[in-house]
Each structure stands twice: as C-alpha cells, then as structure tokens.
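Notes to accompany the following structure.
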Amino acid sequence: AQKITQTQPGMFVQEKEAVTLDCTYDTSDPSYGLFWYKQPSSGEMIFLIYQGSYDQQNATEGRYSLNFQKARKSANLVISASQLGDSAMYFCAMREPTTDSWGKLQFGAGTQVVVTP
Amino acid sequence: ETGVTQTPRHLVMGMTNKKSLKCEQHLGHNAMYWYKQSAKKPLELMFVYNFKEQTENNSVPSRFSPECPNSSHLFLHLHTLQPEDSALYLCASSQVRKETQYFGPGTRLLVL
C-alpha cells in the first residue's frame, strides 16, 4: 500500500513567490521521520529538510520549512521566495522503524516544480 | 572529492554485456544503499549494506549483484540485463541506518 502520497504531479510558481508542496503519509508507528528531497534534471537527490515525529517544532532550513500536522498525517514543504534554481522534482519520503527494515525510506511519486521569471 | 560520487554517470550496454557501477562516499558513513528510479515510478530500494554487511535485498533479480568491499565503496555488478532495467541508479549513504541518507548523482543506464 502506498504510504506516501503527493497529490500534485506538477506546479508552476512565479519567481519570488512562495509555494507549498503537499505530502500525506500513512503509518501506525508513533516513531517515524519525514524527509524532503529535491531532484534537479541532473538526477542527484538533494536532501532538504527533516522532521521527526516527536519534534515539537516545525523544521526549517533556510528558505525551506516543513508544515507538520501530525494529527492529519501531513508534512507539506513550503519554499519561500522561489528562485529559478528551485525548478526540480521534489520528493517526500518517510522512514519508519520496522522489525525487519529499520531505516528504510519510502518515497512518494514526486511533484515537478517549474519556477517562471 | 566530497559527498557521494558515482561512476559512470551514463552507461549504454547490450543485454549480453557485463558492467559494474561504482559508488564512493567521502562522508565517513557506515550504511550504503542502491536505489532504482524508473520513469514514472517512485524510487525503489534495491540493496542496503550496514557496516559492509548486506542487510536488505528487496527481491532484486540475480542479474544485479552488489558488492561492498568496505564502508566507503559500493558496487553494482550487472549482467544479462533486460531493456526494462533501463533506469537511473542512485547510490546513497548514511551515518547509520536510521540517519539521513545522502545521494550521489546517479548513473543513467540504457539497456539495448
């Protein structure tokens, strides 16, 4: 069963504007981690931000912030002041501890972001 | 070199060829991973090595054979591949299995 859902296949955003990328997840474990990665057309997956399930505050890293709503099982990525270099595919991923696979990441299908001048 | 490097970056091979993908991490990590990314599919975990020991094999066909000689190097040996194996193969590493994974630039593989 799909554990990570990204409902937006693609988005256009104007330079300098903020954009929110949606991510919902499914787990029954109280301990898990949520990640966002950026993948430009070159292929490399670039780690952006991490949120632990027990973290009290929403994670922030520069222009990236994670809107973590635990009860709704949602972990949306907010990119503020978009730049042309932000054009890429963005993946949400979840790591949950299981007895046979501690550390396994499950990725969503991704959201393609295009930043326009 | 810094981070995670992968060679070659692009590879074209026939179905009868044997080739190897190489991954090297310069982060002092102890866990390394191979992922496959096909068009229009989520990233799929293939293999996990933790302290040089293979700890996960996600039902990967035997035509893919991983090798981890030390904590810094990971190989993926390929033989008698099929056209459907054409994909981007990504290597990643983490300090230990529960920590953040850092990825290399990937090898784009085309099987003819």
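Residue-wise test of (1) within 23 Å of A:TYR50 (Cβ to Cβ); (2) without any contact (Cβ under 8 Å) to a residue 60 or more places away in the chain; (3) of a type in the set (A, V, I, L, M, F, W, C).
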{"site": "B:GLN25", "(1), (2), (3)": "yes, no, no"}
{"site": "B:LYS41", "(1), (2), (3)": "no, yes, no"}
{"site": "B:ARG108", "(1), (2), (3)": "no, no, no"}
{"site": "B:VAL111", "(1), (2), (3)": "no, no, yes"}
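Among residues of segment A:36-50 that are within 10 Å of chain B (Cβ to nearest Cβ), those with a beta-carbon under 6 Å from a residue that is crowded, with 21+ Cβ neighbours inside 10 Å and not in a strand (DSSP E or B) at least six positions away or on a different chain give the pairs A:TYR37/A:MET45; A:GLN39/A:MET45; A:GLY43/B:GLY106.
Among the listed residues B:SER59, B:SER71, identify the single one that is small (Gly, Ala, Ser) and buried (at least 17 other Cβ atoms within 10 Å of the Cβ).
From the options B:SER59, B:SER71, the qualifying one is B:SER71.
Of all residues being within 8 Å of another protein chain (Cβ to nearest Cβ) and crowded, with 21+ Cβ neighbours inside 10 Å in segment A:94-105, which is modelled with the lowest pLDDT? Just the residue, please. Among residues in segment A:94-105 that are within 8 Å of another protein chain (Cβ to nearest Cβ) and crowded, with 21+ Cβ neighbours inside 10 Å, the one modelled with the lowest pLDDT is A:GLY103. Looking only at segment A:9-25, which residues are touching a strand residue (DSSP E or B) at 6+ places or on another chain (Cβ under 8 Å) and either modelled with pLDDT under 95 or over 21 Å from A:ARG72 (Cα atoms) (or both)? The answer is A:PRO9, A:GLY10, A:MET11, A:PHE12, A:VAL13, A:GLN14, A:GLU15, A:ALA18.
Restricting attention to strands (runs of 3 or more DSSP E) lying wholly within segment B:1-110, give those where 3 or more residues are within 13 Å of chain A (Cβ to nearest Cβ), of a type in the set (A, V, I, L, M, F, W, C) and in contact with a Leu (Cβ under 9 Å, 6 or more places away or on another chain).
Numbers: elements: B:4-7, B:10-13, B:18-25, B:31-37, B:44-50, B:53-57, B:64-70, B:73-79, B:87-94.
Qualifying strands (runs of 3 or more DSSP E): B:44-50, B:87-94.
Scanning segment A:1-37 for residues being assigned to a strand (DSSP E or B), of a type in the set (S, T, N, Q) and surrounded by fewer than 17 Cβ atoms within 10 Å (Cβ to Cβ) gives a total of 3. Only a single criterion out of (1) at pLDDT below 95; (2) assigned to a strand (DSSP E or B) is not satisfied by A:PHE68, namely (1).
The values are calculated or read from the model by the stated rules, or taken from the named source; none is laboratory data. Just so we're clear, the structure is a prediction, and the values are computed from it rather than from any experiment. For neighbour counting, all protein chains shown are included, and Cβ atoms are generated from backbone atoms with ideal geometry for every residue, glycine included.
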